[in-house]
Amino acid sequence: MSNGLAAMGFGLPAGIAACLMRPEKKVVTIAGDAGILMNIQDLETAVRLDCDLVIIIFDDASYGLIEWESNTKFGESFGTSFKNPDFVGLANSFGAKGIRVSSANELGDALQSALKEGGVWLIDVPVDYSENMKLTTILEGKYCTV
């Protein structure tokens with residue numbers, strides 16, 4: 001389990017562990033881009049072990065949760081944005097299959113295809129976390145205290 005709910009970097013190794021524990025099952029793990037970059041080298045392990053594993057990456061090129069917390073508490077953030085590699089190309093270089101979807105509507109089809117074909121897949125999903133700040137503003141004072 002992820003120690004103390006500090007889950008950043010936990011998704012890919014946990015997905016591999018699930019594959020090892022239940023090799024007859026297909027496993028899907030979801031991670032943010034910063035978290036996946038902490039252990040991206042484990043793609044080689046997943047491929048070498050012939051895992052049936054789909055990795056969905058929420059790609060916002062930032063430490064999204066940290067940025068949200070900073071903006072909520074201080075009205076600004078610093079040092080939370082970064083440049084990502086080409087996740088599809090990176091997946092392919094490890095022997096996995098990579099795909100980037102361009103809309104939420106494409107995600108279901110991509111996931112179904114990956115699960116049907118099997119093997120190690122990485123699905124790069126661009127997200128816009130700026131909606132979180134809009135929702136926080138709407139909910140602030142009504143339902144929760146941030």
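Every read-out reported here was derived from the displayed coordinates using simple, explicitly stated rules and does not represent laboratory data. In this text the structure is predicted, and so the values were computed from the model without any measurement. Neighbour counts run over all protein chains shown; Cβ positions are idealised from the backbone, glycine included.
Quick look at the numbers
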quantity	calculated
Sites excluded, GluC sites (Glu not before Pro) in DSSP loops with at most 15 other C-beta within 10 Å, longest stretch of the chain	77-146
Fewest-first sequence of Leu37, Leu107, Leu12, Leu20 by Cβ atoms within 10 Å of each Cβ	Leu20, Leu107, Leu37, Leu12
The chain, helix-only ellipticity at 222 nm - DSSP H runs n ≥ 4, -39,500 (n - 2.57), divided by all residues, nearest 500	-12500 deg cm²/dmol
Cα-based Lys pair tally, the chain, threshold under 18 Å, eight or more apart or on separate chains	7
The chain, relative contact order [Cα under 8 Å, separation at least 6], %	24
Ranked Phe87, Phe94, Phe74, criterion: other C-beta atoms within 10 Å, fewest first	Phe74, Phe94, Phe87
In Å, descending, principal axis extents of the Cα set of segment 10-139	47, 28, 27
Separation of the Lys25 and Glu117 label points, Cα + 7 Å toward Cβ, nm	2.4
Cys51, Cys19 arranged by Cβ crowding within 10 Å, fewest neighbours leading	Cys19, Cys51
Interchain or long-range residues, amide H under 5 Å from Asp60's placed H	Asp33, Val127
